[in-house]
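What follows is a set of notes on a single structure, which appears directly below.
The values are calculated or read from the model by the stated rules, or taken from the named source; none is laboratory data. Just so you know, these numbers come straight off a predicted model, no measurement behind them. Reconstructed Cβ throughout: ideal geometry from the backbone, glycine too, with neighbour counts over all protein chains shown.
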Amino acid sequence: MTIWTRKRVPAIGQGSWYIERGDKAEAIAALRHGVDLGLTHIDTAEMYGDGASEAIIGEAIAGRRDAVFLVSKVLPHNASRAGIRAACERTLKHLKTDRLDGYLLHWRGPHPLEETFAAFEALKQEGKILSWGVSNFDEDDLDEALEVAGDGKIACNQVLYHLRERAIEHAVIPWCQRHGVAVTAYSPFGHHDFPEPGSAQGRVLAEIASAHGATPRQVALAFLTRDPAVFAIPKAASLTHVEDNAGALTVSLTEADIARIDAAFPRGRKPSSLPMI
Ligand SMILES: NC(=O)c1ccc[n+]([C@@H]2O[C@H](COP(=O)([O-])OP(=O)(O)OC[C@H]3O[C@@H](n4cnc5c(N)ncnc54)[C@H](OP(=O)(O)O)[C@@H]3O)[C@@H](O)[C@H]2O)c1
């Protein structure tokens, strides 16, 4: 059982990296539409557009904060005791809210985990964050984090996971399952690496999709979130993309589908270090 449950956090959410580079009104409309369709988990970070992504989300969720599960990330060089507090205040201001549902260390950096986690706990005591976690942590980082934090504190590990990058299946997902830590799959469409429709991999997805009255991207998201400990946060900046992604919430793959996808997108060997982008 993870701290983040599917009751509170939908299997599919919404990412926001580079959202500030597109049309702002369209991005806001897409985020709002996503929330209406159940994609209530919204992921951002102080790094994205140097706060611009958070500010767009702040506008998108105005008046509906309670409907959203809001997550942001602190940059590693800000993850000192005082630095986290200042970063969190900036983030809350950008998002125009008084609390985050999740606050994550974006990746490991110069500050000791003891200090970062103590700062997270202090913010939690004050109600400014309701849970905290990490991102881009491999198995050995997670061991160390658990040693520092103790059981039941780390809510989430946000890591790279898509059909062509399944490294976390070797050790990170099993570790998180054992310790009740939610896994958030970032770049679930490979950032810009989704199988072309005419390719062999694209045809496998299309055939499975057609059997379910679904789309290839919905099949991909359903595959990635087949384990209840895993959540995915595709970034989409248009209404049609958001609608497509929300449709994945109701796609349920069969064992045969999963075996076929597994064969078409081999997991490969465990890499020496965790891939990240
Ligand atoms: N923790 C970390 O270190 C880390 C690293 C990377 C990402 N992230 C998080 O994960 C989120 C998702 O990852 P990502 O942004 O790298 O890439 P992604 O979600 O894998 O892919 C985004 C791309 O897919 C397109 N897209 C989305 N839905 C689509 C659909 N239904 N049909 C066709 N195209 C679709 C988007 O186009 P449009 O924009 O035109 O809709 C965009 O070009 C980020 O936004 C961020 O919040 C975290």
> Which residues, taken from segment 46-103, are part of a loop (DSSP other than H, G, I, E, B), surrounded by fewer than 20 Cβ atoms within 10 Å (Cβ to Cβ) and touching an Asp or Glu at 6+ places or on another chain (Cβ under 9 Å)?
Replying inline: L75, S80, K96
>> Restricting to segment 64-112, name every residue that is under 15 Å from G51 (Cα atoms), of a type in the set (G, A, S) and under 19 Å from the mean Cα position of the chain (by Cα).
In response: S72
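Confirm whether F231 is modelled with pLDDT of 95 or more, within 29 Å of A171 (Cα to Cα) and within 13 Å of the ligand (Cβ to nearest atom).
Numbers: modelled with pLDDT of 95 or more: yes; within 29 Å of A171 (Cα to Cα): yes; within 13 Å of the ligand (Cβ to nearest atom): yes.
Against the criterion (modelled with pLDDT of 95 or more, within 29 Å of A171 (Cα to Cα) and within 13 Å of the ligand (Cβ to nearest atom)), F231 qualifies.
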> Quick check, is G127 surrounded by fewer than 17 Cβ atoms within 10 Å (Cβ to Cβ) and either of a type in the set (S, T, N, Q) or over 23 Å from A185 (Cβ atoms) (or both)?
Replying inline: yes
> E139 fails exactly one of the following numbered conditions: (1) more than 19 Å from G180 (Cα to Cα); (2) among the charged types (D, E, K, R); (3) out of contact with any strand residue (DSSP E or B) (no Cβ under 7 Å at 6 or more places or on another chain). What is the number of that condition?
Replying inline: (1)
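Can you pull out the residues in segment 243-277 that are of a type in the set (A, V, I, L, M) and surrounded by 12 or more Cβ atoms within 10 Å (Cβ to Cβ)?
Result: A246, A248, L249, V251, L253, I258, I261, A264, L274, M276.
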>> For segment 22-45, which positions are in a helix (DSSP H, G or I) and either within 10 Å of the ligand (Cβ to nearest atom) or aliphatic (A, V, I, L, M) (or both)?
In response: A25, E26, A27, I28, A29, A30, L31, V35
> Which residues, counting only those in segment 2-34, are touching a helix residue (DSSP H, G or I) at 6+ places or on another chain (Cβ under 6 Å) and crowded, with 21+ Cβ neighbours inside 10 Å?
Replying inline: I12, Q14, S16, I19, A27, A30, L31, G34
